[in-house]
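Note sheet for the following structure.
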Amino acid sequence: MSDFQKKINLIREEVNRELASLPIPQKPGYLYDPIRYVLKGKGKRFRPLLVHLMGRALDANSRGLMNLALAVELLHTFTLVHDDIMDKDDTRHGQETLHQKWDESTAILAGDAIFILAQLKVTLVETHVTEVMNYFNQVTLEICEGQAWDKEFENDLSISESNYLDMIDCKTGALLGACAALPAIMEGLSNETVQNLDQFGRLLGKGFQVQDDLLELISNPQQMGKSLGSDLAEGKQTYPIILARTNHEQEWNKCISQFMSKQNEDSMDIVKTFLEKTGIAEETITRYESFFEEAGKVLHFLPEEKRKDLDAFIQLIKNRTY
């Protein structure tokens with residue numbers, strides 16, 4: 001195991017330990033039992049990992065970093081709880097989604113409370129609190145805008161690649177940008193540094209989302225730890241889907257018709273075969289790898305030794321299979 005992997009494992013263990021020790025009351029159980037349940041999910045913790053790695057590269061305050069890391073992970077969890085309701089997903093992090101295990105009303109309330117827990121963590125940051133809080137809330141609003149665009153785009157065959165990239169810049173890129181920029185804001189670094197780190201995170205987020213769109217179609221639910229095929233069922237306009245309907249309209253319509261008639265593992269295999277045969281899978285890989293490459297170039301303003309772990313983090317995401 002490499003030194004970097006050991007470091008990643010240690011940070012992940014620390015984050016999980018802190019999440020498990022959050023002072024969540026026992027009553028009312030209607031609110032707090034679902035919160036405890038969803039926080040036990042086996043998330044990859046990419047976002048708090050990025051907070052810690054960036055903070056260490058900037059020599060930031062370690063306790064402040066943990067509060068930021070927990071805040072972004074709780075914010076991410078909040079968005080997933082609500083997104084799962086809107087997207088009708090039934091599996092997340094290898095377990096039933098919250099609304100599936102309880103009901104939608106319970107999930108909405110629990111998600112709201114998780115967001116408040118995130119806010120409370122932000123207030124524990126001891127330096128430049130107002131700037132950190134303002135940035136955190138601006139990013140939260142941008143994520144909501146991204147989700148709104150995602151819902152508006154459903155079944156809209158006029159959506160272009162450019163529309164899609166703008167949407168994921170909000171929905172996914174904004175939070176990864178925050179993970180990179182918040183440690184710099186906490187440390188009172190220059191606006192130029194904050195903007196560069198935000199750009200780095202957004203490019204990383206775009207690559208992550210395009211990659212996720214493909215994995216949603218060609219992976220398997222056991223490996224991904226979540227239900228697959230919901231993008232197709234809900235008429236989502238993701239990167240590979242836009243390529244498919246734009247460049248292979250008739251074949252894609254036939255493929256979608258077969259999927260919609262069954263919506264099972266066999267029909268997902270038909271989709272996977274189509275994407276590989278037409279070269280769309282390979283083209284999507286090339287696209288998300290270009291975002292990762294651009295993200296790495298943005299970091300060149302940092303000394304080489306300071307960006308070593310961040311470069312390794314890019315590769316960690318690039319090589320993921322779930």
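Just so it is clear, none of the values below were taken in a lab; they were calculated from the coordinates. Here the structure is a predicted model, which means the values were calculated and not measured. No Cβ is skipped: glycine too gets one built from the backbone with ideal geometry, and neighbour counts run over all protein chains shown.
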Suppose each label sits 7 Å from its Cα in the direction of the beta carbon; what would the ASP90-GLU304 distance come out to in nanometres? 5.4 nm
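Above 39 Å lies some portion of the pair distances; for the chain, what is it as a whole percent of all C-alpha pairs? Can you show the working numbers first?
Numbers: 5949 of 51681 pairs.
Every Cα pair in the chain considered, those over 39 Å come to 12 percent.
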Report the label-to-label distance for ILE116 and LYS6 in nanometres (one decimal), using points 7 Å from each Cα along the Cα→Cβ vector. 4.3 nm
Using packing as a proxy for protection, rank 269-276, 153-160 so that the peptide with the highest average count of other Cβ atoms within 10 Å comes first. 269-276, 153-160
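With a ≥ b ≥ c taken as the square roots of the eigenvalues of the C-alpha gyration tensor of segment 9-106, please select rounded if a/c is under 1.5 and otherwise prolate if a/b is larger than b/c or oblate if it is not? Don't jump to the answer; show the numbers that get you there.
Values: a/c = 2.51, a/b = 1.79, b/c = 1.40.
Verdict is prolate for segment 9-106.
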Value of [θ]222 nm, deg cm²/dmol, for the chain, DSSP H segments ≥ 4, -39500 (n - 2.57) each, nearest 500: -24500 deg cm²/dmol
How many nm separate the modelled label positions at ALA148 and ARG320, each set 7 Å beyond the Cα in the direction of the Cβ? 2.7 nm
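Based on the mean of other beta carbon atoms within 10 Å per residue, what is the order of 288-294, 108-114, 189-195, most packed first?
Details: 288-294: 17.1, 108-114: 19.3, 189-195: 13.6.
Ranking the peptides 288-294, 108-114, 189-195 by packing returns 108-114, 288-294, 189-195.
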Relative contact order, percent, of the chain when contacts are C-alpha pairs under 8 Å separated by at least 6 residues? 18 percent
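Tell me, what is the FRET efficiency for GLU249 and ALA312 to the nearest 0.05, using R0 = 51 angstrom and their Cβ-Cβ distance as r? It would help to have the intermediate numbers written out before the result.
Details: r = 41 Å, r/R0 = 0.80.
According to the calculation, E is roughly 0.80.
Place a +1 charge on the Cβ of each Lys and Arg in the chain and a -1 charge on the Cβ of each Asp and Glu, then give the dipole magnitude about the Cα centre in debye, rounded to the nearest 20. Each step should come with its number before you reach the end.
Details: 35 positive and 50 negative charges, 219 e Å.
The calculation lands at about 1060 debye.
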Expected output is a single nm value to one decimal: the length gained when fully extending between GLU289 and ASP166, i.e. 0.36 nm times separation in residues minus the C-alpha distance. What is it? 42.5 nm
The ³J(HN,Hα) series, computed from each phi in segment 4-21 with the Karplus coefficients 6.51, -1.76 and 1.60 at θ = phi - 60°, rounded to the nearest Hz and given as x for glycine or proline, is 5, 4, 4, 5, 4, 4, 5, 4, 4, 5, 5, 5, 4, 5, 5, 4, 5, 9
Extended-chain gain in nm, criterion 0.36 nm per residue less alpha-carbon gap, ARG36 and ASN220: 63.6 nm
For an R0 of 56 angstrom, estimate the FRET efficiency from the Cβ-Cβ distance between ASP59 and ILE270 and round to the nearest 0.05. 0.60
